[in-house]
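Q: Following this message is one structure expressed as structure tokens.
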Amino acid sequence: LHLQADSLSNLGNGAQIGTWLDNSGNDFDVTQAIVAQQPIFNTSGINGRPAVNFNSANMNLARSCNTVFNGNANTILGVINQTATGGTFRGVFHHGRKLLYFDGTGQFSLFNEIDNAKKVGSADNFISLLTASANMMFSIQHNGASGSLFKNGSDVTVTNTPITNTAT
């Protein structure tokens, strides 16, 4: 799966995105049929480059699960710019029972619902949920046993082995 905002350049600034085509060549396109939940295209969103804005809690793009993404090894790369403040939980990527999210402390985590465990986590305040933040590149890697999380090229991993969620 490779989603690139530049590929949406046929859209005008402020256009809603109902379909975002996968640039990997694997046809893992993502869609949203509900107009009120479609993200917005911004022609100069990050450093003057095209970006996709998810400006409300309900904005999302989805596709059906694919077995290609079911393995234990994961690498996810992205560029984000948090412009909203407040809140306690922000999902970034979800596939089947894997979830990449910011929790209420600003910690960035990869969580696997199958074994109810955090696989990789950052330090608290990876981002501030209270103030808007600068552009940030992130990557998360996990080989099924351990992993690393990077922010702007620096390793910010705190938890790199599974921690089972014991909350009820």
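Q: With N set to the residue count of region 12-52, report its C-alpha Rg divided by 2.2 N^0.38 Å to two decimal places.
A: That works out to 1.25 for region 12-52.
Q: May I pose another question? Name the residues whose placed amide hydrogens come within less than 5 Å of the amide hydrogen of residue 45, ignoring near sequence neighbours (fewer than 5 apart) on the same chain.
A: It is 51, by chain and number.
Q: Compute the signed sum of charges (Lys and Arg +1, Asp and Glu -1) over the other residues within less than 15 Å, Cβ to Cβ, of residue 21.
A: Here the charged neighbours net out to -3.
Q: Okay, moving on. Assuming R0 = 45 Å, what is the FRET efficiency of residue 33 and residue 152, from their Cβ-Cβ distance, to the nearest 0.05?
A: 0.80
Q: Roughly speaking, to the nearest percent, how much of region 11-54's 1.4 Å accessible area is carbon and sulfur?
A: The value for region 11-54 is 47 percent carbon and sulfur by accessible area.
The values are calculated or read from the model by the stated rules, or taken from the named source; none is laboratory data. Treat the numbers as computed from the prediction; the structure is a model and nothing was measured. Heads up, the Cβs are rebuilt from the backbone with ideal geometry, glycines too, and the neighbour counts pull from every protein chain shown. Protein only, heavy atoms only, side chains kept; ligands, DNA and RNA dropped before computing areas. Shrake-Rupley method; radii C 1.70, N 1.55, O 1.52, S 1.80 Å.
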